[in-house]
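*Asks:* Would you mind keeping the following structure in view while I ask a few things?
The values are calculated or read from the model by the stated rules, or taken from the named source; none is laboratory data. The structure displayed is predicted, hence computed values, not measured ones. Don't worry about glycine lacking a Cβ; one is built from the backbone with ideal geometry, like all the others, and counts go over all protein chains shown. Surface areas here come from the heavy atoms of the whole protein model, side chains and all, with no ligands, DNA or RNA. Shrake-Rupley method; radii C 1.70, N 1.55, O 1.52, S 1.80 Å.
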Amino acid sequence: METITLGQNGPVVTPLCIGTWAWGDKLFWNYGNDYGPEQLKEAFIAALQAGVNFFDTAEVYGMGLSEKLLGQFMQQTQQPVQIATKFGPLPWRFTGQSVCDALTQSLKRLQVEQIALYQVHWPFAFFLSQKTLMNALADEVKRGRIAAVGVSNYSAEQMRDAHQILADRGVPLAVNQVRYSLLSRQIESKDILATARELGVTLLAYSPLAQGLLTGKYSIDSAETPTGARKIDPRFSKQGLQKIAPVISLLHNFGEKYDRTPAQVALNWLISQGNVIPIAGVKTAEQVRQNAGALGWRLNEDEIQELEKVSRPWL
């Protein structure tokens with residue numbers, strides 16, 4: 001299994017990350033209805049069997065339940081597991097101590113003494129300045145409770161600021177977690193990708209399959225109808241699906257060539273960008289195995305360029 005170092009000298013992880021937003025989330029994902037702890041444990045085991053041991057969670061996922069489930073599952077394996085979780089800079093958190101307290105709670109739920117990657121969930125400052133926040137995170141690196149610092153949804157400028165404050169403390173900024181897929185390439189046009197490369201920051205790409213649009217499951221001719229939040233998403237309308245048809249067609253073509261699914265090709269395209277790790281959300285072992293099929297092979301340069309060209313409307 002190939003690996004990627006987070007940032008300049010952070011933890012070494014797999015080039016695919018398992019997303020656990022759905023683990024415990026009733027509001028958006030209907031946790032407890034058609035899936036529960038049993039299915040999630042099977043997904044966890046399937047990931048380790050596929051050689052993928054990098055998981056992304058957050059304190060707000062399932063109001064802490066996602067972290068708790070991961071903590072329980074990790075206790076039942078001898079294999080090393082790398083966890084990325086997130087701190088939410090909420091309005092009532094306005095001191096460095098609030099960062100320390102939130103981290104303590106995450107460590108308890110995860111039942112670990114150190115978190116591989118601790119990320120700031122969004123860039124809202126409210127009453128907690130970036131300087132106080134980044135210095136508190138640098139303190140935790142020095143204490144050994146986190147191995148690497150990351151941010152999420154930061155603009156190029158915000159990333160530079162965070163990078164500089166941390167650099168003054170001798171701590172590199174390892175990661176910026178952003179929305180990135182063939183159907184969401186704004187990080188390229190907004191200079192986030194170029195800035196990350198310049199600063200040596202790894203990008204974690206969330207929503208890499210655009211909520212399922214890049215799986216090829218939804219098309220104008222398909223009998224598959226969107227459910228839940230997808231029902232009201234214009235991208236899943238007839239016009240939306242017509243617009244993405246050329247992208248899906250090319251994913252199918254390359255999929256046939258490599259004996260892969262459109263989703264596996266879409267994930268491989270992201271990995272091919274270099275220093276980009278897609279976070280594929282899962283609820284079942286089968287989804288894990290499907291996503292792991294993006295690994296162990298690589299699109300060639302011409303194919304990468306063809307996909308880049310056909311997806312330019314989403315820059």
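*Asks:* Evaluate Rg over Rh across segment 206-315, taking Cα atoms for both radii and Kirkwood's formula for Rh.
*Replies:* Ratio value, two decimals: 0.94.
*Asks:* Work out, step by step, the length gained on full extension between Asn9 and Lys238: first 0.36 nm times the residue separation, then minus their alpha carbon distance; give nm to one decimal.
*Replies:* Fully extending the segment from Asn9 to Lys238 adds 77.8 nm.
*Asks:* Which of the lysines could a cross-linker span from Lys238 if the Cα-Cα distance has to be under 20 Å and same-chain partners fewer than 8 positions apart are dropped?
*Replies:* Lys217
*Asks:* For Lys131, go through the aspartates and glutamates and keep the ones whose alpha-carbon is under 15 Å away, minus same-chain ones fewer than eight residues off.
*Replies:* The reachable aspartates and glutamates, counting only those whose Cα sits under 15 Å from Lys131, are Asp139, Glu140, Glu157, Asp161, Asp168.
*Asks:* When the chain is modelled as a GNM with alpha-carbon springs shorter than 10 Å, which of Asn300, Asn30, Asn268 fluctuates the most?
*Replies:* Top of the fluctuation ranking is Asn300.
*Asks:* Determine the dipole magnitude for segment 158-313: charges of +1 sit on the beta-carbon of Lys and Arg, -1 on that of Asp and Glu, nothing else is charged, the reference point is the Cα centre, and the result goes in debye to the nearest 20.
*Replies:* It works out to roughly 460 debye.
*Asks:* Also, quick follow-up: If the elastic network links every pair of Cα atoms under 10 Å, which of Leu193, Leu48, Leu203 fluctuates the most in the Gaussian network model of the chain?
*Replies:* Leu48
*Asks:* Next question. So what's the gap between the Cα centers of segment 293-311 and segment 1-61, to the nearest angstrom?
*Replies:* 24 Å
*Asks:* Students often get this wrong, so check it: of Lys86/Lys309; Lys108/Lys142; Lys26/Lys243; Lys86/Lys108, which have C-alpha atoms separated by over 25 Å?
*Replies:* Table pairs above 25 Å Cα-Cα are Lys86/Lys309; Lys26/Lys243.
*Asks:* If you don't mind, another one. With contacts defined as alpha carbon pairs under 8 Å and 6 or more residues apart, what's the relative contact order of the chain in percent?
*Replies:* 21 percent
*Asks:* Can you work out D for the chain in µm² s⁻¹ from Stokes-Einstein, where Rh is the Kirkwood radius over C-alpha pairs, the temperature is 4 °C and the viscosity is 1.567 mPa s? Let's see the in-between values first.
*Replies:* Numbers: Rh = 20.0 Å.
Approximately 65 µm²/s, per Stokes-Einstein.
*Asks:* Say each of Thr77 and Gln305 gets a label point 7 Å from the Cα, pointing the same way as Cα to Cβ; how far apart are those two points in nm?
*Replies:* 4.0 nm
*Asks:* Using a 1.4 angstrom probe on the protein heavy atoms only, could you order His163, His252 from most to least accessible area?
*Replies:* His252, His163
*Asks:* Next question. Between Gln72, Phe55, Thr14, whose Cα lies farthest towards the positive end of the dipole of segment 1-87 when Lys and Arg beta carbons carry +1 and Asp and Glu beta carbons carry -1, centred on the Cα centre?
*Replies:* It is Gln72.
*Asks:* A follow-up question, please. Can you tell me which of Ala156, Ala292, Ala174 moves the most in a GNM of the chain? Springs connect C-alpha atoms under 10 Å apart.
*Replies:* Ala156
*Asks:* Here's a follow-up. Leaving out ligands and nucleic acids, note down the accessible area per residue over the chain with a 1.4 angstrom probe, in whole Å².
*Replies:* Each residue of the chain exposes 45 Å² on average to a 1.4 Å probe.
*Asks:* Take the alpha-carbon positions of segment 170-270, form their convex hull, and give its projected area averaged over all directions (one quarter of the hull surface) in nm².
*Replies:* 8.1 nm²
*Asks:* Suppose R0 equals 51 Å. What FRET efficiency, 1/(1 + (r/R0)^6) with r the Cβ-Cβ distance, do Arg289 and Arg160 give to the nearest 0.05?
*Replies:* About 0.85, to the nearest 0.05.
*Asks:* Which distance in nm do the two modelled labels at Trp297 and Leu27 give, with both placed 7 Å along the Cα-to-Cβ direction?
*Replies:* Going from the Trp297 label point to the Leu27 one covers 4.0 nm.
*Asks:* Once fully extended, how much extra length lies between Leu90 and Ser249, figured as 0.36 nm per residue of separation less the alpha-carbon to alpha-carbon distance?
*Replies:* Full extension from Leu90 to Ser249 adds 53.0 nm.
*Asks:* Relative to the longest principal axis of the chain, what angle (0 to 90°, nearest 10) does the C-alpha long axis of helix 65-75 take?
*Replies:* Once rounded, one gets 80 degrees.
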